[in-house]
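Each remark here refers to the structure printed beneath this line.
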Amino acid sequence: MIAGKEISLTIDGKPCKGALGQTILQVAGDNGIEIPTLCYLKNLSPWGGCRMCIVEVQGSPKVVPACSTPATDGSTVITNSERLQGLRRLTLELLFSERNHFCPICPMNKGDCDLQQQAYGFGIDSIRYPYLYPALLVDVSGKYFGLDHNRCILCTRCVRTCDEIEGVHTLDIGNRGVKNQIVVDLNVMFGASTTCTSCGACVAACPTGALFDKSAAFHGPLSRCQQVRTTCTECPVGCGLVVYTKDNRIVDVFGDAESTVSRGHLCRRGRYETWVEPRPRILRPMVRRDGHLVPTSWGDAVHTVKTLISASNHGQNAMLVSPRVTNETMRTLQKIGLRFDHIGMFVADKESALCTSPEFSTDAMKRLDDADGMILLGAQPSREQGVVAAKIRVAVRKRGVKLVILNSRRSDLDAYADISAPIVTLERKFWNRVGEVLGNVKRPVLIYGAAAMTAVGVTILDRLTKVLTSQCNGGEMLAPIQLPTSTNSLALAAGGVEPVEDISTWLGVQPVNFLYVVASDEPDGGARLLKEPHVRAFLEQIDCVVVQASYESALTDVARVVLPSAIWCEKNGSVTNFEGRALPLRAALAPSGEAREDNIVLETVFA
Amino acid sequence: MAIGAYAMGSNRGFIYIRAEYGLAVKRLHIAIEQAYKYGLLGKNILEKGFDFDVEVRIGAGAFVCGEETALMRSVEGRRGQPQPRPPFPAQRGLWGKPTNINNVETWATIRPIILRGAPWFASIGTEKTKGTKVFCLAGKINNTGVAELPFGTTLREMIFGVGGGIPNGKKFKAVQTGGPSGGVIPEQHLDIPVEYESLQKLGSIMGSGGMVVMDEDSCMVDVARFFMDFCCDESCGKCPPCRVGTRQMLSILERICNGQGKPDDIQKLEDLAAMVKDSSLCGLGQTAPNPVLTTLRYFRDEYMAHIVEKRCPARVCRELLHFEIDQVACKGCSICARACPVQTIHKVDGQKKFYITTETCIHCGACFEACRFDAVVKTSPGRTRTETPEDEVLAGEVKS
Ligand SMILES: Cc1cc2nc3c(=O)[nH]c(=O)nc-3n(C[C@H](O)[C@H](O)[C@H](O)COP(=O)(O)O)c2cc1C
Ligand code: SF4
Ligand code: SF4
Ligand code: SF4
Ligand code: SF4
Ligand code: SF4
Ligand code: SF4
Ligand code: FES
C-alpha cells in the first residue's frame, strides 16, 4: 500500500478522486460532498463515536463511519440514502433526549452550536422519546470558561484536543453508558485542576454549549460579530488570532486555523489574558499640574512634550521603548532617532545577550513538529510561549521524542523530560547520560532562551551543540532555535535598537535630563523599569519623563506627561516572530478613549 | 498460543481475564508457571531458538472489554472502549502493532487439529460450520453446566437430550442463545441444527455459546427488559445509539412491564431496535436489541397483553399481578400474614381463614411463596382502560 497513490471511487453517483490513506470523509469533502459529523474535528485522531457520518459502502451490509474508514479504490459509497438520513435523525433525537438541550437558555444558542445546526438541518422540532434529563453539574469554577455537563454530547473533541494538541490530557471520560461524564483530572472541579493550562483549546473544540467562554456567554452568536484576523503580541511566537467583536467590544478570541505559525492553537495568554484580565487603561492624554496628572487635549499634551524637549536641549535626551512595539513603530523610531542621544528597548532579564546576536530560526515551529529529540536550555515556554510548550509535550507523549531540559527554574515540562537539570557546571556523568538519551536521535532541535545567557549557560550551549552534531547519527543538526521572551525584540535588535536590561547603568552613563518611554501595551504599564528603587529616585529627580502607555502603572506616577497608547487589538502593522516571519496586526477595535497607535503618537510628537 | 506465536513470529502474548473470575485466574497462573518450568514458554522454547512470553492481564469487570478493540485498549492500560475497524487488530492492534486476537476456546482447538489433521476436524459439524463448540446450559434445565457438542446438534437434543429437559414438569417456552444480547428462540424452532447461519436467520447469535432455557413461568417482556437492563448498564457510552438507545428501549420495556405501555410503544421499540442494531459502533450495541426483536417476533401477543389488557400472561410482572387467598384451601396457619411486609393480610372475622386487602397489597409475592397449601392465588386478570383513567396520564408523558 502506497499512501498518497491516486484512487478513484464513486460517491453518491459522482466519480471522485482521492489519495490512498484518506478517509471517505476527506475524499467526499475534497469533492464537494458534505457528510454530517459531530465528533470529527480536523487535526484530531478520528473517534468514530457519534455515528452521524455513517455511510453505506457497496458490498458491506453494515454502515461505516466515514470519518474513520479509509477510502478504497473502486468502491461505491452512498452518503445520503433515506436509511442513512433516518438513522442520523434518530441519533440526533436520542442526543436531544439524553440531556438538557433547552436552547433558549444556552450560551451557544442561535448558530454557534453544531448540534443545534444539525437538528435544524434535519428539520427536528420535537422528539419522540422521553427526556432523560439527569441533573448534572454546571462547573463554573474555572477562571475563564465553564463546563455545563447538561449540554455535553460526549463527543470527546475536548478530550482529544487537550491530549493531542495541548498535550496535557486534563480531560477524559468517566463512568459507563448513560452515566458517562467528562472528568477533569481525577474528577475534580475545573478550577481545582492541577494540569489544565487554561489554553482554552477544549472550549474552541466543543461543538455544543457544554464548554463555553465565560466572557463570551450570552452575547449573541459569533456569526453576528465582526471577525478580524490578527496576531498575538504577547510573546515572540506570534500565533494567529481571530478576534470577534460587537459594538466595539471583544466578544471572544480564538486561534486562527489558517495561521502557518500556530494552526489555530493558542496559550492562555493569547486566548484570554489580553482581554479578560482587568487592566486599568489610560484613556486620555494627561499633563502634571501642581503635582497632579490632569487630563488634557492631545494638542496641549503634544505642545507640552515639545516644550520639554526644547528646554532639555543642553542635556542628554533618551528614549526607552517596549520590545512589543510594531515594525512600523520601529521605522518611525529610526526616523526620529537622530533627535535622541540614546534609544534603547527595555528587554527581559538576560535577553540583551540574545539580542546582541539576533537569530531568526526559520521554520522553527515546523522543526518542532518533525524533531525526534529536543533540548530545552534556559527557556520557560510553559510560562512564556505556551504554544511551544504544547508542541514539546505532544512530541514527548505522542511521538516518544527524547527531551533534555536544562533550566534555572523548574517547570511542569520537567515531568516530561528524560533528563532535567539545573544550569550549573555539569559533570561527566551527566554528559554521558545525555549522550545515551540522545544516542539514536536523528533530527534534534535545541531551543535556548534568555536564561541560557550566563557564563555557564553559554558553555553548556556550546557543549550541547557539539554533542548533538557528533551524535545525531548522520542526521542533520540544524542551527539552535533562539527563543526570546519579548515579542518583537529580535526585529528591533536587528533594526539597530539597543537592548537595555540594566536601566540604572544605562541611564547613569550620561546625565540624561529628558526621558521618553514608549511602554505601549506592556501589561504592567512599563512598571518593571522601576524595579530598582534608585531608578525611581532618578526619574523623579529629572522631572522630565514622558510616558506613552496603555495601562496605568507606577511609571505614570513619575511622568510629567502621559500619552495613551493603543493596545494589541487596536493596532495595525506587523511584528516579526522568532522565525523571522513578519506577521500582520489588524485592528479589531477602534482605540479606546483618545488612545492612538504608537507610531502615530510618535509621528505627531516629533513632526 | 505458543504454537500460534511460532507460526506468526510473535514473541509476546497476553491472556485477558476479568478479575471476577478468581479461580480461573489462579489456575491460569499455575498453568503458565508450569509451562515455563517445562520450557514450553520463555526463552528458546524446545531448543528452537524461539522466545515467547505470556502475561495475564486482569480486567476490571466490564462486559465490553471482551470486544477485541476495547480489550486491547484495556491491556494497554487505557479506558476499555471499542474503536472503529479498520484498522483491524491484524493491521494495528496492541500499541499500534499487528496483533492476533482469539478466544481461548479457539486456541484450544488448535492442538487437536494439529494432532489429527484438518480433514478430521472438518468431518465434524455441518456444511458451513465445522468442528465443535462449548455450550453453557443454564436456566430452567435439569443438567446445567458446560457441554462440548458438534455444530449441527439441534436445540432439542441439547435441551432435552444433554440437558435432561425442564425441571418440575414445566413446559418449555424459549431458549436464549449466545449471551445477554442473544435472541430468544421459541419451541417451534427447536429442531434447527445449531450453526452460525441458522441462528442468525432466527434473529439470534452463536456468541459465547450460552443457552438460557426458560419455562412457561417466564414472561418474555420481562426477559427482554432484563437483558436490556444488562446491555444498558454495560454500554461503554461511546456512541449515542447504544448509550441512549438502550436506555430509551429500557424505559419503554419498563413501562410496559409496569402496565403503563402505550399502543405505539411497539412501533417505537422496533424503530429504536433497528436503529441501534444498524448504527452502533461495536458488537455490544449491534446485538443489544436481539432479545427485544426476537421476543417481539415470537411472543408479540405477550406484549399486546401487557399493553392493551394490562395483563402479564406468565404472571411475572409485579405491577400487573393480583393476589387472593382461596377461602377453601386456606388452613388458617397465618404464615402468609406473617410474611407480608406491609401487613395487609388479615383474619376473616370469626373464622380460621385469612384474606388480602387488595388496595394496599404491593404484589411482592411473599405470601405466595410462603403458603404451603397453595391457598394464595396469583393471577394477572388485566384491567380495562376505563377502570384506571390515571393510566392515560401516567403513560402519556409530555408530548414534545
Ligand atoms: C460486547 C462483546 C463482548 C465480548 N466478550 C467476549 C468474551 O468475553 N470472550 C471472548 O472470547 N470474546 C468476546 N467477544 C468477542 C471478541 O471480540 C472477539 O471477536 C473474539 O474473542 C475473537 O476470537 P475468535 O475469533 O477466536 O472467536 C465479545 C464481543 C463483544 C462485541
Ligand atoms: S448545546 Fe446546542 S442544542 Fe444544546 S441547548 Fe445549547 S444550543 Fe441547544
Ligand atoms: S483549557 Fe487546555 S489544558 Fe485545560 S482542559 Fe482545556 S484543552 Fe486541556
Ligand atoms: S464538553 Fe463539548 S467537546 Fe467535550 S465531550 Fe462534551 S460536547 Fe464534546
Ligand atoms: S504562544 Fe505566545 S503568541 Fe502564541 S498565544 Fe501564547 S503568548 Fe500568544
Ligand atoms: S455500541 Fe455500545 S458498547 Fe459499543 S462502542 Fe457503542 S456505546 Fe460502546
Ligand atoms: S403479595 Fe406481598 S404485599 Fe401482597 S398480600 Fe402477599 S405478602 Fe402481602
Ligand atoms: S463524525 Fe464520524 S462518527 Fe462522529
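Straight distance only, please: which aspartates and glutamates reach the Cα of B:K140 with their own Cα at less than 15 Å, same-chain residues fewer than 8 apart left out?
Output for B:K140: B:E187, B:D215, B:E216, B:D217.
Per residue and in cubic angstrom, what volume does the convex hull of the Cα atoms of region B:132-215 have?
Each residue corresponds to 72 Å³ of Cα convex hull volume.
Nothing charged except the Cβ atoms of Lys and Arg (+1) and of Asp and Glu (-1): what's the magnitude of the dipole of region A:130-273 about its Cα centre? Round to the nearest 20 debye.
Here region A:130-273 has a charge dipole of around 260 debye.
Report which residues of region A:43-73 become buried by 30 Å² or more of accessible surface when going from the isolated chain to the complete set of protein chains (1.4 Å probe; DNA, RNA and ligands ignored).
A:W47, A:G49, A:R51, A:K62, A:S68
Which distance in nm do the two modelled labels at A:S470 and B:A118 give, with both placed 7 Å along the Cα-to-Cβ direction?
Those two pseudo-labels are separated by 5.9 nm.
Beta carbons within 10 angstrom, averaged per residue: use that to sort the peptides B:62-70, B:263-271, highest first.
Result, highest mean Cβ count within 10 Å first: B:62-70, B:263-271.
What value does region A:362-482 have for Rg/Rh, both radii from Cα atoms and Rh as Kirkwood defines it?
So for region A:362-482, dividing Rg by the Kirkwood Rh gives 0.91.
Net charge near B:G66, counting Lys/Arg +1 and Asp/Glu -1 over other residues with Cβ under 12 Å of its Cβ?
-2
Can you compute log10 of I(q)/I(0) for region A:258-381 with the Debye formula, treating each Cα as one identical point scatterer, at q = 0.19, 0.20, 0.21, 0.23 Å⁻¹?
Result of the Debye calculation: -1.38, -1.44, -1.47, -1.51.
In debye, nearest 20, what is the charge dipole magnitude of chain B about its Cα centre with +1 on Lys and Arg Cβ and -1 on Asp and Glu Cβ, if you could check?
940
What dipole magnitude, in Debye to the nearest 20, does the protein assembly as shown give about its Cα centre under +1 on Lys/Arg Cβ and -1 on Asp/Glu Cβ?
Roughly 1520 debye, rounded to the nearest 20.
Pull up all non-local amide H partners of B:R18: gap of 5 or more, or a different chain, and H-to-H distance under 5 Å with H placed in the peptide plane.
B:G59
At a 10 angstrom cut-off on C-beta neighbours, averaged per residue, how do the peptides A:354-367, A:91-104, B:116-129 rank from highest to lowest?
The peptides rank, most packed first, as A:91-104, A:354-367, B:116-129.
Rounded to two decimals, what ratio of Rg to Rh does region B:322-379 give with C-alpha atoms and a Kirkwood Rh?
Result: Rg/Rh = 0.90.
GNM, chain B, Cα, under 10 Å: largest mean-square fluctuation among B:G169, B:G237, B:G365?
Result for chain B, Cα springs under 10 Å: B:G169 fluctuates most.
To the nearest whole number, what is the average tally of beta carbon atoms from other chains within 10 Å of the beta carbons of peptide A:345-354?
The per-residue average across the peptide is 0.
Cβ neighbours within 10 Å, averaged per peptide: list B:342-351, A:219-228, B:306-315 in order, most packed at the top.
Result, highest mean Cβ count within 10 Å first: B:306-315, A:219-228, B:342-351.
Please name which of A:A301, A:V55, A:I105 has its Cα lying farthest along the dipole of chain A towards the positive end, using unit charges on Cβ (Lys, Arg +1; Asp, Glu -1) and the Cα centre as origin.
Of the options given, the answer is A:V55.
What Rg and what Dmax come out for region A:6-80 when only alpha-carbon atoms are used, in angstroms?
Here Rg and the maximum Cα pair distance are 11.1, 30 Å.
Assuming 0.36 nm per residue, please report the length gained on full extension of the stretch A:E427 to A:K143 beyond their Cα-Cα distance.
Taking A:E427 through A:K143 to full extension adds about 97.9 nm, to one decimal.
Taking the Kirkwood radius as the inverse of the mean 1/r across Cα pairs, report the Rg/Rh of chain A.
1.03
Suppose all protein chains stay in the model; what accessible area per residue would a 1.4 Å probe give for chain B, in Å²?
Heavy-atom accessible area per residue stands at 49 Å².
Which three semi-axes in whole Å describe the equivalent ellipsoid of region A:515-607, each the square root of 5 times a Cα gyration tensor eigenvalue, listed largest first?
So the three semi-axes of region A:515-607 are 26, 16, 12 Å.
Above 20 angstrom, tally the Cα pairs of region A:181-263 and express them as a % of all pairs, no decimals.
43
May I have the pair-distance distribution P(r) for region B:231-308, computed from all Cα-Cα distances with 5 Å bins from 0 and rounded to whole percent?
Using 5 Å bins, I get a P(r) of 3, 18, 29, 24, 15, 9, 2, 0 for region B:231-308.
Past 30 Å, Cα to Cα, is the threshold; run A:K62/B:K173; A:K214/B:K238; A:K246/A:K350; A:K143/A:K391; A:K350/A:K391 against it and keep the listed order.
Over 30 Å apart, Cα to Cα: A:K62/B:K173; A:K246/A:K350.
Taking square-rooted eigenvalues a ≥ b ≥ c of the alpha carbon gyration tensor, is region B:181-261 rounded, prolate or oblate, where a/c under 1.5 means rounded and, failing that, a/b exceeding b/c means prolate?
Oblate is the answer for region B:181-261, as a/c is 1.5 or above yet b/c matches or exceeds a/b.
Given a Förster radius of 35 Å and the C-beta distance between B:I17 and A:D414 as r, what FRET efficiency does 1/(1 + (r/R0)^6) yield to the nearest 0.05?
0.35
With the dipole of chain B worked out from charges on the C-beta (+1 for Lys and Arg, -1 for Asp and Glu) around the Cα centre, which of B:A122, B:F14, B:G382 lies farthest toward the positive end?
With unit charges placed on the Cβ atoms, the residue in question is B:F14.
Stretched out fully, how many nm does the piece from A:E273 to A:S592 gain, at 0.36 nm a residue minus the Cα gap?
So the extension gain works out to 113.1 nm.
How large is log10 of I(q)/I(0) for region A:290-336 at q = 0.16, 0.30, 0.33 Å⁻¹ when the intensity is taken from the Debye formula with one equal scatterer per alpha-carbon?
-0.70, -1.03, -1.06
For A:K62 and B:W107, FRET efficiency with R0 = 30 Å and r from the beta-carbon atoms, rounded to 0.05?
0.65
State the antiparallel share, in %, of DSSP beta bridges confined to the protein assembly as shown, rounding to the nearest 5.
Roughly 55 percent of the beta bridges in the protein assembly as shown run antiparallel, per DSSP.
Within the set of other residues whose C-beta is less than 13 Å from the C-beta of A:K335, count the net charge using Lys and Arg as +1 and Asp and Glu as -1.
0
Can you give the Kirkwood hydrodynamic radius for chain B, in Å, rounded to one decimal and based on Cα pairs?
Value: 24.4 Å, from the Cα pair sum.
Averaged over peptide B:271-279, how many Cβ atoms belonging to another chain are found within 10 Å of each residue's Cβ?
Per residue, the number of nearby Cβ atoms from other chains is 6 on average.
Using r as the Cβ-Cβ distance of A:T10 and A:R83, and R0 as 22 Å, what FRET efficiency do you calculate, to the nearest 0.05?
The value I calculate is 0.75.
Non-local amide H neighbours of A:V183 (under 5 Å, H modeled in plane, Pro and chain starts lacking H): which ones?
Close amide H contacts, sequence-distant or interchain: A:D172, A:I173, A:G174.
Once the principal axes of the Cα atoms of region A:130-273 are found, what is the range along each, listed largest first in whole angstroms?
Sorted from largest, the Cα extents of region A:130-273 read 43, 31, 24 Å.
The values are calculated or read from the model by the stated rules, or taken from the named source; none is laboratory data. Since the structure is predicted, the reported quantities are computational estimates derived from the model, not experimental observations. Every residue, glycine among them, receives a Cβ derived from its backbone with ideal geometry; neighbour counts consider all protein chains shown. For the accessible areas, the whole protein counts, side chains as well, though only heavy atoms, and no ligand, DNA or RNA atoms are used. Shrake-Rupley method; radii C 1.70, N 1.55, O 1.52, S 1.80 Å.
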